[in-house]
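Input: a single structure, listed below in structure tokens.
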Amino acid sequence: MSGREHRSATVLLSGGLDSSACAYFLQTNGFEVSGLFIDHGQAAASREAAASAAIAARLSIQLMSHRVSNGGRLGAGELIGRNAMLIFNALFLTRGQEDIIAIGAHAGVTYFDCTERFIFQTRTLVEEITDGKVSVAAPFISWTKRDVFDFYLSSGLPIELTYSCETGSDPVCGICASCLDRKKLGC
């Protein structure tokens, strides 16, 4: 982070474990946190929105929701450029009024926009665009999914508040990457 101490944060909240843990992490580290849920046409949008609202209510944080039209619904799997789109939408929607835009990205994910390099380059660009007034944070970028999960459990937040199935089904599909991650964690 550049220039000054950052104390307000908008967390890109999807209603899943990682983003929910990120919001809690920043809140407990003294940040004034708000959440931003973006419906970008993902199949799970309605369930993710409900989970995001439940997490925001539990943490007593403001939640803003926004819809980005893409002409239809997107399927499961990697959505190239998704995190870049989310971060830059957050910058645009908050009009640069937040000190930090935060994302729950963690280690062990093969998608480029979940890497330390991506976070560094995006942070640099956002700081340049805003003359150092806004930065990008990914507090879990060096943590494993297990580390994030253990942190979430230690927070006391109910796991049932979260939703992480890429198909948007209820019950969850059990076979998408997000469902398989949760199975590995025992939830």
Exercise for review: Between Thr28 and Phe120, take the C-beta separation as r, use R0 = 25 Å, and let me know the FRET efficiency to the nearest 0.05.
Suggested key: 0.50
Review point. Which FRET efficiency value, to the nearest 0.05, is calculated for Ser154 and Asn70 with the Förster distance at 35 angstrom and r the Cβ-Cβ distance?
Key: 0.45
Revision key, fill the gap. Residues whose built amide H sits under 5 Å from the amide H of Val136, excluding neighbours closer than 5 in sequence, are Ile101
Check your understanding: In whole Å, what are the Cα extents of segment 47-187 along the three principal axes, biggest one first?
Key -> 45, 35, 33
Exercise for review: Just rank Arg47, Arg58, fewest to most, by other beta-carbon atoms within 10 angstrom.
Suggested key: Arg58, Arg47
Point to revise | Spatial separation of Cα centroids for segment 120-135 and segment 23-54, in angstrom | key: 22 Å
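Throughout, read-outs are computed from the coordinates displayed, never taken from laboratory work. It should be emphasised that the depicted structure is a prediction, and the values quoted were computed from it without experimental measurement. Because the Cβ atoms are built from the backbone with ideal geometry, glycine has one as well, and the counts that use them run over all protein chains shown.
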